[in-house]
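Let me begin by presenting the structure, written as structure tokens, before commenting on it.
The values are calculated or read from the model by the stated rules, or taken from the named source; none is laboratory data. Everything quoted here is computed from the prediction, not taken from an experiment. Virtual Cβ from ideal backbone geometry, glycine too; neighbours counted across all protein chains shown. In case anyone asks, the SASA skips ligands and DNA or RNA and just uses the protein heavy atoms, side chains included. Shrake-Rupley method; radii C 1.70, N 1.55, O 1.52, S 1.80 Å.
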Amino acid sequence: MRWFKGAAALAAACLLAGCGAAPAGVEDLLRAPQLDGQQNEVEKALIAYLGETPQMKYPTTGENLSPFVFDDWDGDGATDAAALYVSTAKGQNVHLAVLESVNGEWVVTQEREGLSTSVESIETASLRGAEGTQLLVGYAAASGEKYLAVYSYQNETLSEVFHQSYSQYELRDISGSGGNDLVIIGPESESGLQLQMLTAQDGQFIPVMPPLAVGNQFTSCEGLYTSKGDDGSYYLILDGQTGNANSLASMILYYDARQQQLVTYHPITVEDLFTATQRYSSLLKSQDIDSDGAVEIPTQLDGEGMENLAVNRLSFVAWMDYTTEYEQVKSFGVADLEYGYYLELPSEWQGQIMLTDGDEPDSWQVRTADGEGLLLTVRVVSPNASQGGGYFLLGNLGAQKVQARLGGAEPHAQSGDLIRGFRLL
């Protein structure tokens, strides 16, 4: 029952957080926001154009989680709109429409069929040598294939200037050229993962290097992130699944200007980054844990300091920045891998504490290394549970709450720091 409750809570948490693995049909249940005035007017214009009410297609990942995007697509100084939708009369594939404001009214000027049935992501970019703003749409099919398309809109004409299948992609000035570079991890194949790097030129994406074989250590790409280093340049962090189930490891790449290509970065502080970063939960993906622009890689610490806990539920985790020589550990804490959250603990506690089961169901405790002093109790409870008995709210976990209570032993933690250090994985 504990596993079932945890899985249900984690699924709810992922959906509310906009995770990309939402099951079919969930979009219709969760996506019922009140449109603002501009979006409402665009939708009315789209309904009038189609002669029916379309199903708006919401992206499942990324910063933009709306099917409506507003920008100056053609560079004429006026704001235009784009909308992604499915129309009964036009089949199952997503369609993209561009609208302009004419005499205060939104008018559909162009539309075209997309590459699949769902939308994974939407981004905008100003490509070097092109007028206006370009639209990047990541499409996803029910079978798992994903396709990236780049659209340009000029002279009331919507053009697809680039498309390619992908597993993950990042858009950033990786090369330091001042323009957008597009890094694409291709879909998995028998030859392993392939990485491509393209740069924007005259409104197009041009390859700047031959495809790079990422290596046969990874069976799939689970995440691709840009990370800003101490020197101001960008690194690429790749999380890949290894041959073991739910096992992830990471590699780091950077752009070598002399070779004019991406190459593997080897940190001087570890001999084998793959081994050092191997962790045994698909939840432990890299992220900018402290919002400083650098992406940290989670490292599971050894099992010392665990007592009587459900196997594989809790883990000590250190979030590491391997691109710097100083203060590599950016955050230390505990990951609850059953319920899918991370709680940052005071850095001075690392190596000085142990974890035990709590007295209540779905609770755990942080104690001093000898087990005698109680520092903290954490529990997962229903939304109707009170916060009495000294408990305070750390955060929400889908339909459940995560609460904590400070113990009396030294060294103390601060409730405010714990609340700020709580996050979903």
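Details
- Rounded to the nearest 20, the size of the Cβ-charge dipole of the chain about its Cα centre is 980 debye, with Lys and Arg at +1 and Asp and Glu at -1.
- Calculated [θ] (222 nm, deg cm²/dmol) that DSSP helices of n ≥ 4 give over the chain, each run adding -39,500 (n - 2.57): -3000 deg cm²/dmol
- Peptide ranges 177-184, 265-272 listed from the most packed, as the mean C-beta count within 10 angstrom indicates: 177-184, 265-272
- Computed 3J(HN,Hα) for the range 376-389, one whole-Hz value per residue from the Karplus formula 6.51 cos²θ - 1.76 cosθ + 1.60 where θ = phi - 60°, is 7, 10, 10, 9, 10, 9, 6, x, 8, 5, 7, 10, x, x, glycine and proline marked x.
- Distance between the pseudo-spin-label points of THR324 and GLU372 (7 Å out from Cα toward the beta carbon): 3.8 nm.
- Computed lengthening from ASP76 to PHE392, 0.36 nm per intervening residue step minus Cα-Cα distance: 108.5 nm
- Loop-located GluC sites (Glu not before Pro) in the range 100-167, at most 13 other Cβ atoms within 10 Å (DSSP): GLU156
- Separation of alpha-carbon centers, the range 162-224 and the range 125-157, rounded to whole Å: 15 Å
- Helix 37-50 axis, angle to the chain major axis (alpha carbon atoms, nearest 10°): 50 degrees
- Global form of the range 304-422, assessed from the alpha-carbon gyration tensor, a/c cut-off 1.5: prolate
- Each of the peptides 73-81, 334-342 was scored by the mean count of other Cβ atoms within 10 Å over its residues; in descending order, highest first, they stand as 334-342, 73-81.
- A Förster radius of 41 Å, combined with the Cβ-Cβ distance separating ALA48 from SER233, puts the computed FRET efficiency at roughly 0.25.
- For SER291, the accessible surface of its heavy atoms amounts to roughly 100 Å² (probe 1.4 Å, protein chains only, rounded to the nearest 10).
- Length available on full extension from LEU301 to GLU160: 0.36 nm per residue minus the Cα-Cα distance, which gives 46.1 nm.
- Relative to the current alpha-carbon distance between ASP36 and ALA141, full extension at 0.36 nm per residue lengthens the span by 34.9 nm.
- Once the Cβ-Cβ distance of SER347 and THR219 is raised to the sixth power relative to R0 = 41 Å, the FRET efficiency obtained is 0.75.
- Simple spin-label estimate for LYS90 and VAL107 gives 1.9 nm between the two label positions (7 Å along the Cα-to-Cβ direction from each Cα).
- Relative to the longest principal axis of the Cα atoms of the chain, the long axis of helix 2-16 lies at roughly 40 degrees.
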